[in-house]
Structures are given as C-alpha cells and as structure tokens.
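One structure is given below, encoded as structure tokens.
The values are calculated or read from the model by the stated rules, or taken from the named source; none is laboratory data. What you are looking at is a predicted structure, and each value in this text was computed from that prediction instead of being measured. With ideal geometry, Cβ positions are generated from the backbone for all residues, glycine too; neighbour counts draw on all protein chains shown. Surface areas here come from the heavy atoms of the whole protein model, side chains and all, with no ligands, DNA or RNA. Shrake-Rupley method; radii C 1.70, N 1.55, O 1.52, S 1.80 Å.
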Amino acid sequence: MPQSVHIALPLPTPRLFTYTVPDEILSFTDQSADMTHLIGCRALVPFGKRILTGVIVETANIPPISDAKDVLEILDTETVFSPQMLAFARWMADYYMASLGETLRTMLPQGMSPESVVRVSAVQYPTEEQLAQMERRAPRRAALLLELLKHDGDVSVGYLEHVVGSSTILAQLEALEQEGFIERHRTMTREVHAKTVRAVRLAPLLHDEGFLRSLMDDLDRTAPKQAAVLGTLYLHYANPDAAPLTAKEALKSSAGALSGTVSEAVLKALVEKGYVVEFHVEAPRLEKPQSAEVTSALVSKGEAAATLTPEQDHAVDKIVEAIHTQKFKPFLLHGVTGSGKTLIYLRAIRETLAAGKTALVLVPEIALTPQLIERFRAVFGEEIGVLHSHKSVGERYDAWRLARQGKIRIIIGARSAIFAPLQNLGIIIVDEEHEPSYKQDDPAPRYNGRDCAIVRGTLENAVVVLGSATPSLESMFNARSGKYHLLEITGRADGARMPSIQVVDVRLRRKQSKMNGIFSEDLLKAIIERVQKREGVILFQNRRGFASRFECLDCGYIPMCPNCSVALTYHKFRSQLRCHYCGHSHEAEKVCTNCGSLSIKEIGSGTQRIEEDLQEELSKALEIYAARIGSEAKREVVIQRMDLDTTTKKGSHVQMLTRFAQGEIDILLGTQMVAKGLDFARVTLVGVINADMQMYLPDFRAAERTFQLLTQVAGRAGRSSEFHGEVIIQTAHPKHQTIVAATLGSYELFYNDELQFRRDAVYPPFSRFVMIEFSGKDEQLVNAQAQHFAYFIPHDHKAFTRMGPAPPSIPRLRGQYRRIVVIKNHREHDPSGRIMRSALLHAHQLYNQKHPSSAVRITIDVDAAGFV
C-alpha cells in the first residue's frame, strides 16, 4: 500500500505538502516500514501544472489523503541532508522567516533542483496592420511579440518578464497563443550530474603475460603504435593501486614513448580486437593548481613551518584545546592587520585534520580567495574544494559532491559555502567576520553567513572561529559579554611594524593651492617616491566608473535611471551612463536633453577617472624628474584598476594579483576588492582618495563600515619587517571620531563611542534590526498596502518598536516603488526574537485575510544589513 510523506517545496509558504510514494518507487529503495531512510532525499513531484523538486522531511504518522498525488521519482539513493543539516534548515527557516522549502533549495548547489518551466516561441509573423493595431490596443502584448520575434528558438517566461519589466504577462501570452502568433510548452530544467570521461585498461585475456608478450612482439613488427598503447597500459596497471587511466592520457603517454603521435583510431582498433576494454570514470571539475610562478608570487615560502609569536601560539593552543573536546565553542580572534591570523587558521586546521575531522573556511570576497587558496594549497595540497559564484555550475556541484563523499576535507568559499555537506565537521572559520557581504539580500532566506556559522557549529559540535582586525560591534559585544572566547593579537607578525598614518585635510590643502584635482601634493609626492623605488602602491576609492553623475551647468539637469531613484554613473571607456543597481545603460548624452546646452560636466570621481587623472599627473611629474637627473627615458608607470568592471573574466583576479606581486604593476587602484585580505610585502604605501564617501550615508552602520574599511585598507601597507608602511588618508572631516580612531589605529576608541550611540538609539547589538519592504509598480497601492500591514503590528510593544511605513533612501528600485517598515526587536525582553517573529507572522496572516494583493511584494529581512 502506498505510504504518505511530507515534502517541503521551494515555495514562499510555511506549509508542507503531502504526497504518496508508489510501491514501484519503494521497490527501488530500502523498504523499511517507516521510510525514515527517505528523510532528506529529493523527490520530483507534480504541483498544479508544474513539476518541482522538493525534499522529504517527514515520513512518520502521516494520515493518508484520498486525493494526494504520487511522487514521480526519488532522485537520491542516499540522503542529501543529514539530520544536522535538516535541523540547520529548520532553524534558518524559522529565524529568517522563510519557508523550509526555499531554505533547503538554497542549501543545494544550482542544478540540483530540476523543475518544469514554460518556454515560449513565435510561430507566426504579424502583418504590419496587425502589429500596428496591437501596438494601439495592447502595447504590452505587442512588446512581448516583438521580443519573441528576435529569437530563433524558444525563451523562458522568466526571461520575458525580465525584459518587459513585469511579472504579470500570463494573460498577454494566452491572448497571443489564441491569436496563433506564439506557442507555449513545458520542459524540465537540466539536473547537474557528475562529469565522466572514457578510461581504458587491458582486457582480461591479456592478463596472461605469455600471451601478452607474444602479442607485443607481433604488434612491434606490424602495428608499433598499438604495441605502444598496450605497453603503456601494462606499465600503468602494474601498480595494483593505480588510478584508472583515461583514453586521452593513454594516447598522450604512448605518443611520448614513440616520439610521435598516436591517434584515436589506434585505440579503437585495439578495442575492436578485444585487447582493450573501455569504461567511464568520474572526472571532478575542480580548480586546477596555479603554476609554480603564480604560487611563488602569492605565497610566502615556509609558511607552514613559520615560528609563531607568543600571542599566535596562545591563540592556536586555545583553539586546538577546544577542537579536542569535540564540543561547540565560539572564538572571536581579534588581531591587528598583518598579525598572522591566517597562520593561526592553518595551524588550527592541521590539528583538525589530524583529529580525523573536516574544516570549513568562509571568506567574504571573491578577491580574497586566489591568494588564500594558494596559501592553503601550499600547506594541505589537493584536499581543498572551492565554492563561490565565479565557479561554473559543474565545478560547484563537484566540490559539494566530493565534500559529501569525504574525498575533500577542506572547503573554502563565500557565504553559501556554509551549506557544504562536510562530514564530521571539526572547525568553521569565518575570515573578516565583520563584512556585510556575508548577508544574503535576495532571495529568501536572507541569512547571515557569520551567524549561521555559529548555529551550524552548535549543531555539529564544532569549533567556530570568527576572525577580524575590525570585529563587528555585535561580535565584540558577544565576546565582552562572555558568549565568545576573545583571543587578541596586538602586534604584527615577523617583526613588521604598524604603518604610519597621515591625515590630509583636503579643505585646507585647497585653500593652500596644494591640490591637483582630487590628489593632494602629499599623496602625489608619496606615490612618485614609491614608484621610483619600484615599491607597491595601493589606492582605494569606493566608487567605480568615471564620474558619479552628469550635470548640466546651465539648468542643473542630472540624468537619472528610468527604473531607480538614483543618478546614472558615467563610464568613460564605453561612453555610457549606467545604473549600478538595475544595470540599465545608454550612450552618454553630449547635449543636455532638458535645455539643449553643451555645458555638461562629469561630477565626482570613480576609479576610471582616478586612473586617467593619476596617469596624467604621474606622467608630468616623472618627465620633470627624468629631466632633473639628466635621463632621456622616463619611467612608465603601470596602473591596474581592480573593480567589478575589470574582474568579470574568469581568472582575472589571479592574473592581476600575480602581476602586482611580481612588480609588473606599480599601482593597484580599486574599490573594496583592494581593501582587505591582500598580503604583499612590497606594498609600502596606501592612499585613500576620499575617506568621507560612506561616512554620511543615511545608515546607522555608516560610521562602523567607514572605520572598518579605512583600518583594513591601511593594513595592506608595511606587512614586512623589510619595509616600513605609510598610509595617507584624504578627508574633509579630519576631526570625525571615525577618522580619528582609524588614524590612531584604536579599535577601543571607536568601539566605546559607537556602542554608546547604539545603546541610546536602540540599534544592534541591543536590538535586532528587521526591515519589512513593500514593492510594486503602483506607488499609491504600495503605500496603501504598507499602511494596512503596519496597522496589524503593535506600535510600541515591550519586545519591539515599530517605525514607519516610510520611503527608504532609494524610493524606487529596478522599476519598483518601495516603502519600508522598521522593527527594533529589543533583545533584553525578547532574547531569541520569538515574540517578534510571532507578531509579524500574525500580522502577515491578518493582512492576507483582509488586504491581499498580488501586485505588492512583501519581504521580511531579519538582521538587515542596514537601510537601503
């Protein structure tokens, strides 16, 4: 008799769905009575007209439902989610107010949740009269048809919704289908699989050495290439522990033995004769080790055997002691920049592996991984898997799969690596734990990788190490209150000294006529000195593009994004105005579209403009210098911009960092990518072009992020005892507490001042900051629905305070009008947040009953990163 199971589907609903497992499917699985072996397995199920992949989460005591649909297929022969990972998913769904199905899908690599999708294709061209009539009566329908006519094949409905900027196109598609212009069909998305390659071995009949020797003698005379292949296979498999030999490797080795070429036809002939057997083996798509040249540039020699400082040694001892207890324990490793935190990670992981356990390392930025990966690989060899968004679907799947099989014992990756299915997890390290990029913005669940690491460590009885030179206020508060074990490293490793920091008041320098554009004479002089000595320079500007905006000097007109309430950023290289939020771009105007004036000016400076202006300033200065010393040839300065515009190509990070380490690049200019994690001995100067850019944003975390960025980027200088480092910070507000604290290198000064502000304003760590966003095409409707929802939330509850609804700092984003309601959940009265979550769920329920609207999207972001 078919048995019922509860399945979590990737839908925005908290309910589970009941399905029956047919006997014919059960016959292929372990037929234990309670079917607990199916918990954590993926199942393909019908849902309305669609087919979805869900996860079986309950099998016991489920009453049968007469109209329950059958499971179509169980996709796994063994569970995908361990009991600990299922418990982890349930906690995430509850805490971040997402559905269990959405959470479980997030925890799987892309390609492991196949589903049916509707695809659309054009089958008939309209006449000019039909098209003109459609454009008058149904312009959106005409736009859809014109878009489809651009494509030879079919496209997904999701693509069409993106192109036309609407999620309600179903009625238009139905009308086009009825009129005979298009056709729709359902198809399944492809499931990712392990990659296999062809391998070869000797046929059993050649295991008789006498027969093999006789055959080889004959082939040496008649078919020497075939003899070479058989010889290659014989020698390879002489070692009983030899790995399978791929056909490609066999042909290459045979060609080398003959000093010639061996074609596929030779192998085919041997197979046809029955002398060689073909079979398939898995070929994991893992990141290949870098060349020796790259490794030597990115990795310090002898790092594994380096002598620890007393502070480092103490930190390692405490972490290793916790690892051997096999119990959960969280640490906050607060070490100044250049204090050797990575070396502590390496030693702790080595002890973890020696204890038979596995290790997970989270990093916030893709730019941090090339150097970090090579440092880890130099110590641990090939036991490392890498997970981040720049990897292909296949590469991510293989790293995930091999970790699950226990063939990879260390995973390094961005925030989603927290879901890596490592068995017997011993340690989780969160490097640069303060980074906002650990927070997922969209889609649900909107989790924080750092906080999830603490919860997963609890469930797995693993040690968790949060490392940073500038810990978040929340983490330091937890450490000072005894929740985390605080480990501090106050000095740099290898005898290196902290860099000297000079603050340049740009307002004063302008009055003194000592500014060349956006560069103070202090900074330019320091750059020129380092370039002449061939020392490395890092320049930081947290804005990409050429200029922050265009502005007409006659009428004041500023080109705005048609989809967002922001000015378009000018990118000179392509002569484009571009929105960094929605991606809209168009050719930059040469004439003001408002008044026709030619007086259009680029306002503000992004990395493109700084690169261009700096090249010009340095060219002049070095020409003067060459003339002064009597040299005909002036030194060419190589500046490399490192931001989102220059690092889209795979491998670009590694290439840039390697060239910089080898001295082929003089100046590395970039956004946040250059501000943290980089460790190069040759860097002796760091320049901050504009320290004020983020300091006055309408966000309670603005001061904290500015302090962290300045401290982190300053820490790139002087990381070797051979060279003293210097940092020059340009600011118009030298007396601001953030600038003063960063200049003094005093985390304590900043922490104490900022914590008092947070306490007075009831911001984290004294509350949870929850943001409820309402978005839609109709501004009035969005505002009304936000008011309706807010009405059901108590305004001044003991456990929380409600503020809003109100427009956010960007009231329109990606074509959607927005309103927000902010909840401050008081930790003193609601430590777990359960009271607040219950109130919000109740409000959502009442809202759906009395004021439902599919035209307004509601998202709830628990522990939101800040105001957006």
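For this structure, a couple of remarks:
- Criterion violated by S500 - all others in (1) touching a Ser or Thr at 6+ places or on another chain (Cβ under 9 Å); (2) over 24 Å from M85 (Cβ atoms) satisfied: (1)
- Pairs, first closer than 16 Å to T458 by Cα and part of a helix (DSSP H, G or I) in the range 471-488, second open to solvent by 10 Å² or more (accessible area, probe 1.4 Å) and of a type in the set (F, W, Y), C-beta under 8 Å, six or more apart: N478/Y484
- Boolean, Y125 is open to solvent by 80 Å² or more (accessible area, probe 1.4 Å) and more than 35 Å from the chain's Cα centre (by Cα): yes
- Counted residues, the range 429-468 - those being more than 22 Å from T706 (Cβ to Cβ) and in a loop (DSSP other than H, G, I, E, B): 9
- Of the residues in the range 146-155, at least one is free of Cβ contacts under 8 Å to residues at least 12 places away in the same chain, over 25 Å from G776 (Cβ atoms), part of a loop (DSSP other than H, G, I, E, B) and within 34 Å of the chain's Cα centre (by Cα).
- Condition check for F550: touching a Pro at 6+ places or on another chain (Cβ under 8 Å) and not in a strand (DSSP E or B): no
- Matching residues, the range 189-227, being over 28 Å from P109 (Cα atoms) and among the hydrophobic types (A, V, I, L, M, F, W, C): V200, L202, A203, L205, L206, F211, L212, L215, M216, L219, A223, A227
- Residue count for the range 128-145, restricted to those that are buried (at least 18 other Cβ atoms within 10 Å of the Cβ) and not aliphatic (A, V, I, L, M): 1
- The range 568-581, residues that are open to solvent by 30 Å² or more (accessible area, probe 1.4 Å) and over 16 Å from E612 (Cβ atoms): R578, H580, Y581
- Taking (1) open to solvent by 10 Å² or more (accessible area, probe 1.4 Å); (2) more than 27 Å from R705 (Cα to Cα); (3) modelled with pLDDT of 95 or more in turn, L425 satisfies each apart from (1).
- Meets criteria (within 18 Å of S437 (Cα to Cα), modelled with pLDDT of 85 or more and open to solvent by 10 Å² or more (accessible area, probe 1.4 Å)) for R409: no
- Wholly enclosed helices (runs of 4 or more DSSP H) of the range 196-281 bearing at least 2 residues touching a strand residue (DSSP E or B) at 6+ places or on another chain (Cβ under 9 Å) and buried (at least 18 other Cβ atoms within 10 Å of the Cβ): 224-237, 247-258, 264-272
- Within the range 52-75, the set of residues being more than 12 Å from V5 (Cβ to Cβ) and touching a Lys or Arg at 6+ places or on another chain (Cβ under 8 Å) comprises T53, L75.
- Filter pass, K634 being over 20 Å from Q576 (Cβ atoms) and modelled with pLDDT under 85: yes
- When S599, S585, S548 are screened for being within 30 Å of F707 (Cβ to Cβ) and among the small types (G, A, S), only S548 passes.
- Selection within the range 45-78 - open to solvent by 20 Å² or more (accessible area, probe 1.4 Å), at pLDDT 90 or above and within 30 Å of the chain's Cα centre (by Cα): none
- Considering the range 156-195, the residues that are closer than 24 Å to H584 by Cα, part of a helix (DSSP H, G or I) and not charged (D, E, K, R) include one that is least open to solvent (accessible area, probe 1.4 Å), namely L160.
- A single entry from Y791, Y747, Y763, Y751 fulfils the requirement of being in contact with a strand residue (DSSP E or B) (Cβ under 7 Å, 6 or more places away or on another chain) and either among the aromatic types (F, W, Y) or at positive phi (or both): Y763.
- Put simply, of S619, S597 the only residue that is part of a helix (DSSP H, G or I), of a type outside the set (D, E, K, R) and surrounded by fewer than 16 Cβ atoms within 10 Å (Cβ to Cβ) is S619.
- Scanning the range 756-768 for residues that are closer than 23 Å to H334 by Cβ and surrounded by 17 or more Cβ atoms within 10 Å (Cβ to Cβ) gives R758, Y763, P764, P765, F766.
The rows are residues; the columns are (1) surrounded by 15 or more Cβ atoms within 10 Å (Cβ to Cβ); (2) assigned to a helix (DSSP H, G or I); (3) of a type in the set (V, I, T).
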| residue | (1), (2), (3) |
| --- | --- |
| H733 | yes, no, no |
| T738 | yes, yes, yes |
| E748 | no, yes, no |
| F774 | yes, no, no |
| R802 | yes, no, no |
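- Summed over the range 430-451, residues that are within 13 Å of L360 (Cβ to Cβ) and touching a Lys or Arg at 6+ places or on another chain (Cβ under 8 Å) total 3.
- Contact annotation: residue pairs with Cβ atoms under 6 Å, 6 or more positions apart or on different chains, pairing a residue in the range 234-254 that is in contact (Cβ under 8 Å) with a residue 12 or more places away in the chain with a partner that is in a loop (DSSP other than H, G, I, E, B), are H236/A242; L251/V262; S254/V262.
- So K514, is it in contact (Cβ under 8 Å) with a residue 24 or more places away in the chain and surrounded by fewer than 21 Cβ atoms within 10 Å (Cβ to Cβ): no
- Within the range 92-102, the presence of a residue that is of a type in the set (F, W, Y), part of a helix (DSSP H, G or I) and surrounded by fewer than 20 Cβ atoms within 10 Å (Cβ to Cβ) is excluded.
- Within the range 725-775, the set of residues being in contact (Cβ under 8 Å) with a residue 40 or more places away in the chain and of a type in the set (G, A, S) comprises G725, A732, A742, G745, A761, S767, S775.
This table checks each residue for (1) farther than 27 Å from T358 by Cα; (2) open to solvent by 40 Å² or more (accessible area, probe 1.4 Å); (3) among the basic types (K, R).
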position	(1), (2), (3)
E474	yes, no, no
R480	yes, yes, yes
K483	no, yes, yes
R510	yes, yes, yes
S520	yes, no, no
S548	yes, no, no
Y557	yes, yes, no
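- Failed criterion for I835 (all others in (1) of a type in the set (A, V, I, L, M); (2) in contact (Cβ under 8 Å) with a residue 60 or more places away in the chain; (3) over 21 Å from K439 (Cβ atoms) hold): (2)
- Scan of the range 496-508 for residues that are of a type outside the set (A, V, I, L, M), open to solvent by less than 60 Å² (accessible area, probe 1.4 Å) and either assigned to a loop (DSSP other than H, G, I, E, B) or at pLDDT below 90 (or both), ordered by number: P499
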